[in-house]
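Asker: Handing you a structure now.
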Amino acid sequence: MLSVLFRSALPKYGRMWRPVPVRTMSSSDGPTAPFTTLAVSQPAESVTHVQLHRPAKLNAMNKAFWREMVECFQQISDDQTCRVVLISGAGSTFTAGLDLMDMAGDILQPEGDDSARIAWNVRKLIKRYQETFSVLEKCPKPVVAAVHGACIGGGVDLITACDIRLCTQDAWFQVKEVDIGLAADVGTLQRLPKVIGSRSLVNELALTARKMYADEAKSSGLVSRVFPDQEAMMAGALDMAAEIAARSPVAVQGTKINLIYSRDHSVAEGLDYMAAWNMSMLQTQDVMKSAQATMEKKSPKETLFSKL
């Protein structure tokens, strides 16, 4: 019965999203078609803003969200006009995490004729959900998360897959999964230990489901900056995004890719990969353009780099 009550039809996309310039960071008009959970805008040149947009549901992650994030970031990865991405939440909070009511059918009534087939289908489901946040890491453009209010469960999975994390003074974070009878399975347990230096703190957060507030998040390294309120945070996030977008996309995207590779490999392996990467990427006009701008004491924003 639960599978009937909670399983919803998945809308098919009839067209691809294309970024449209807007004046502000606000997406109060609602989700951007064809998406139903995301509002996508271009608040500044080469900057794409992806806003979780289910404010009435505290941006809880329903079935559509898990699919739409993959669709959205696959498009962003291929969009040559985008050089950096901001992620934020609409309404009073960043996200309340998993939408249990919408997801209950998949979680409580997985399909399959026997234990082996049920387990196989559950594994496929988990792998699909894991991709929802892995796609942020795979995106060659730097992704900046701007968190206000609560960031619960899947929200922590999301932000730990981002490259830079900012928050407001009222923000708090919670690895909630043990409170609902499961181990976090879409990224937190794998990425949070690489983000926070203290393994003991990671274990404490994951095993107790206690809340971590902004000051502790800053001191532990989960976020790099704390702002007094959401308005200040979004202004600061946009300034940071503009600084990143002004640099050579060859340099910026190569830096992100090599930082992630080095995180998961030895120093020697990281150096070998870097040498192989730059033996081709150094053959770009961007190096000469950047050097000339430095000698002429010009801002990176005054240098024109080709799309990548």
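The values are calculated or read from the model by the stated rules, or taken from the named source; none is laboratory data. Since this is a predicted model, take the numbers as computed values, not measurements. In this analysis, Cβ positions are derived from the backbone assuming ideal geometry, glycine residues included, and neighbour counts consider all displayed protein chains. Ligands, DNA and RNA are excluded from the accessible area calculation, which covers all protein heavy atoms including side chains. Shrake-Rupley method; radii C 1.70, N 1.55, O 1.52, S 1.80 Å.
Asker: How far, in degrees from 0 to 90, does helix 267-281 lean away from the longest principal axis of the Cα atoms of the chain, to the nearest 10?
Answerer: Orientation of helix 267-281: about 60 degrees from the principal axis.
Asker: Using the heavy atoms of the protein chains alone and a 1.4 angstrom probe, what is the accessible area of the chain per residue in square angstrom? Don't skip to the answer; put the middle values down first.
Answerer: On the way: 15710 Å² over 308 residues.
Dividing the accessible area of the chain by its residue count gives 51 Å².
Asker: Would you kindly find the accessible area of Glu177, with a 1.4 Å probe and non-protein molecules such as ligands, DNA and RNA excluded, rounding to the nearest 10 Å²?
Answerer: 20 Å²
Asker: Work out how much length Met274 to Leu207 would gain on full extension: take 0.36 nm times their residue separation and subtract the Cα-Cα distance, in nm to one decimal. Write down the numbers at each step before the final one.
Answerer: Numbers: separation 67, 0.36 × 67 = 24.12 nm, distance 3.71 nm.
Contour length minus Cα-Cα distance gives 20.4 nm.
Asker: What ranking of Met288, Met274, Met240 comes out by heavy-atom accessible area, probe 1.4 Å, highest first?
Answerer: Numbers: Met288 135, Met274 65, Met240 30 Å².
Result of the area sort, largest leading: Met288, Met274, Met240.
Asker: If you don't mind, there's one more thing I want to ask. Report the Cα-based extents of segment 247-307 along its three principal axes, largest first, to the nearest Å.
Answerer: Largest first, segment 247-307 extends 38, 22, 18 Å along its Cα principal axes.
Asker: What accessible area, in Å² to the nearest ten, does a 1.4 Å probe give for Leu259?
Answerer: Rounded to the nearest 10, the figure is 120 Å².
Asker: OK, next. Between Ala291 and Gln190, with labels modelled 7 Å along Cα→Cβ, what's the label distance in nm to one decimal, could you check?
Answerer: Between Ala291 and Gln190, the simple spin-label model gives 4.0 nm.
Asker: Order Lys307, Lys127 by their accessible area, 1.4 angstrom probe, all chains in place, largest first. Could you put the intermediate results ahead of the total?
Answerer: Working: Lys307 135, Lys127 105 Å².
The residues order as Lys307, Lys127, largest area first.
Asker: Ignoring ligands, DNA and RNA, how do Ile244, Ile76 rank by accessible area with a 1.4 Å probe, largest first? All intermediate terms of the calculation are to be shown ahead of the outcome.
Answerer: On the way: Ile244 35, Ile76 0 Å².
So, going from the largest accessible area down, we get Ile244, Ile76.
Asker: Still on this structure: In segment 182-308, what percent of the accessible surface is made up of carbon and sulfur (1.4 Å probe, ligands and nucleic acids excluded)?
Answerer: 59 percent
Asker: Hey, what number do you get for the chain at 222 nm if only DSSP H runs of n ≥ 4 count, each worth -39500 (n - 2.57), divided across all residues, to the nearest 500? Could you put the intermediate results ahead of the total?
Answerer: On the way: 12 runs with 143 residues, N = 308.
Calculated at 222 nm, the ellipticity per residue is -14500 deg cm²/dmol.
Asker: Now a separate question. Where does the chain land on the Kirkwood hydrodynamic radius, alpha-carbon pairs, in angstrom? It would help to have the intermediate numbers written out before the result.
Answerer: Numbers: mean 1/r = 0.0486 Å⁻¹.
20.6 Å is the Kirkwood radius here.
Asker: Most fluctuating residue of Ala39, Ala275, Ala246 in a GNM of the chain with Cα springs under 10 Å: which is it?
Answerer: Ala275
Asker: Between Glu131 and Ser262, what length in nm is gained on full extension when 0.36 nm per residue of separation is reduced by their alpha carbon distance?
Answerer: On the way: separation 131, 0.36 × 131 = 47.16 nm, distance 2.07 nm.
The span from Glu131 to Ser262 would gain 45.1 nm if fully extended.
Asker: How large is the accessible surface of Tyr261 in square angstrom, using a 1.4 angstrom probe and rounding to the nearest 10?
Answerer: Result for Tyr261: roughly 60 Å² accessible.
Asker: With unit charges on the beta carbons (Lys and Arg positive, Asp and Glu negative) and the dipole taken about the Cα centre of the chain, which residue among Leu207, Ala116, Thr284 sits farthest to the positive side?
Answerer: Thr284
Asker: Past the 27 Å Cα-Cα mark, which pairs from Lys256/Lys307; Lys57/Lys194; Lys256/Lys301; Lys141/Lys176; Lys57/Lys307; Lys141/Lys301? Write down the numbers at each step before the final one.
Answerer: On the way: Lys256/Lys307 17 Å; Lys57/Lys194 31 Å; Lys256/Lys301 20 Å; Lys141/Lys176 29 Å; Lys57/Lys307 38 Å; Lys141/Lys301 18 Å.
Long pairs (Cα-Cα over 27 Å): Lys57/Lys194; Lys141/Lys176; Lys57/Lys307.
Asker: If I model a spin label at Arg117 and Lys138 as a point 7 Å from the Cα along the Cα→Cβ vector, what separation in nanometres do I get?
Answerer: In this crude label model, Arg117 to Lys138 measures out at 2.9 nm.
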